[in-house]
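Participant: Below is the structure I would like to discuss, written out as structure tokens.
The values are calculated or read from the model by the stated rules, or taken from the named source; none is laboratory data. Quick caveat: nothing in here was measured; it's all calculated off a predicted structure. Every residue, glycine as well, gets a Cβ built from its backbone with ideal geometry; the counts of neighbours run over all protein chains shown. Each accessible area value is taken on the protein alone, full model and side chains, heavy atoms only, with ligands, DNA and RNA left out. Shrake-Rupley method; radii C 1.70, N 1.55, O 1.52, S 1.80 Å.
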Amino acid sequence: MMVTVRSFAKINLGLSIGALRADGFHELGTVYQTIAPHDVLRVGIAKGSGIEIRCPDPRVPTDETNTCYRTIELAMAALRGKGRVLLEIEKRLPVQGGLGGASSNAVAALLALERALKKPLSAVKKLRIAAEVGSDLPLFLVGGTVLGVGRGEQVYPLPDLPSTYCVLAAPEIGISTPKAFADWDAIMAGPAERRSTGQPGAAVPMRNPGKLTVSTQSDNIVQFGRTVSSWLSGSSGVPARGRGRAETPLLDLVRTGIENDFEKVVFPKYPELREVKRVLEREGALYASLSGSGSAVYGLFGARVEADQAAARLRKQGIPAQTTATLTREQYWKKIFYC
Ligand code: C5P
């Protein structure tokens, strides 16, 4: 019997990149949000041993380089599971889109494996395996609106933002996350006073414009912490009045000035992505941003009709775009398993 699961995508509502650590990762602060678009995975146990991954999409590796492989390997060891694990991936999400597709697949495979073996792993063990495999995996063990710190792998459930219309634009550009981090480092290595154009050695305008001194990368993370804290404590500044109840917490977050630092390295390289963000803003998005290191760009909308118009406008310009919605934690967990 195969266990079928939905492997949902995420977007980042703000992403601050901090200092490069001794282990080669960067300090990170972000708010993850799960969204409805998903891949479909089927997991079964057969006689024998080993792991077999099947996916007709040639962009998805089916060997041990697939994030699912290592996750299943660690989970089988932790569960003392017996048999040959079969995993089928029906790819619907963009590959290298900044939507966490590969990480989500790995967590969905882990959850399906527990069901297939009828052996549960403790939440702590699952979080440990997920963090060992990749920075973006643990968020998918929480779902909804999630705070990510450390290298992104330390996750904390946040009060859920109410489900919101989301226009997801997925231009056919694959962006390598390690490369985007390297580009960020190249910029940060440049003289501080010249950081402004997003070119290596040139300047990144840091948030907190009221500050006179140029921010360091550690300041960036501290500032992110303050921003999220002020949002959570309801003192983010101007209250978002005159809007629907669903929009208010989101508007409160947006008004804190959250940004995705990857835009500063990705937009100069791919100006067409900046243009997608502008279209979404012009069409009335409450907030629009690159997701992760891209190339997906999303816009959050208060009304379905506005969202549909924005998606239609992008499609007219040749950009694949769809209206979807964010998923609260409850919706996420309700929809993961098919039955
Ligand atoms: O953790 P994950 O395998 O997704 O990371 C892929 C690569 O992205 C890492 O090898 C590293 O180069 C980069 N990365 C980083 N800082 C992070 C997360 C990822 O530099 N916080």
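Participant: Could you name every one of the helices (runs of 4 or more DSSP H) located completely within the stretch 245-308 that has at least 1 residues being within 20 Å of the chain's Cα centre (by Cα) and over 30 Å from residue 185 (Cβ atoms)?
Facilitator: In the stretch 245-308, the matching helices (runs of 4 or more DSSP H) lie at 247-254.
Participant: Starting from the stretch 168-188, keep only residues that are within 15 Å of residue 24 (Cβ to Cβ) and in contact (Cβ under 8 Å) with a residue 24 or more places away in the chain, then list their pairs with residues that are open to solvent by less than 20 Å² (accessible area, probe 1.4 Å) and part of a helix (DSSP H, G or I) whose Cβ atoms are within a distance under 7 Å, requiring at least 6 positions of separation or different chains.
Facilitator: The qualifying pairs are 180/265; 180/266; 184/265.
Participant: If the requirement is being aliphatic (A, V, I, L, M) and under 25 Å from residue 161 (Cα atoms), which of these qualifies: 121, 111, 117? Before you say what the answer is, go through the steps one by one.
Facilitator: Details: 121 fails: under 25 Å from residue 161 (Cα atoms); 117 fails: under 25 Å from residue 161 (Cα atoms).
Just one listed residue meets the conditions, 111.
Participant: If we only count strands (runs of 3 or more DSSP E) wholly inside the stretch 145-187, which ones have 3 or more residues that are at pLDDT 95 or above and surrounded by fewer than 22 Cβ atoms within 10 Å (Cβ to Cβ)?
Facilitator: 154-157
Participant: Still on this structure: From the list 115, 92, 84, 128, which one is open to solvent by 30 Å² or more (accessible area, probe 1.4 Å), away from the ligand (no atom under 14 Å from the Cβ), within 18 Å of residue 9 (Cα to Cα) and not β-branched (Val, Ile, Thr)?
Facilitator: Unique residue meeting the criteria: 92.
Participant: Restricting to the stretch 4-19, what's the tally of residues that are open to solvent by 10 Å² or more (accessible area, probe 1.4 Å) and modelled with pLDDT of 95 or more?
Facilitator: 2
Participant: Regarding residue 314, is this residue assigned to a helix (DSSP H, G or I), open to solvent by less than 40 Å² (accessible area, probe 1.4 Å) and either of a type in the set (A, V, I, L, M) or under 22 Å from residue 161 (Cβ atoms) (or both)?
Facilitator: In short, yes.
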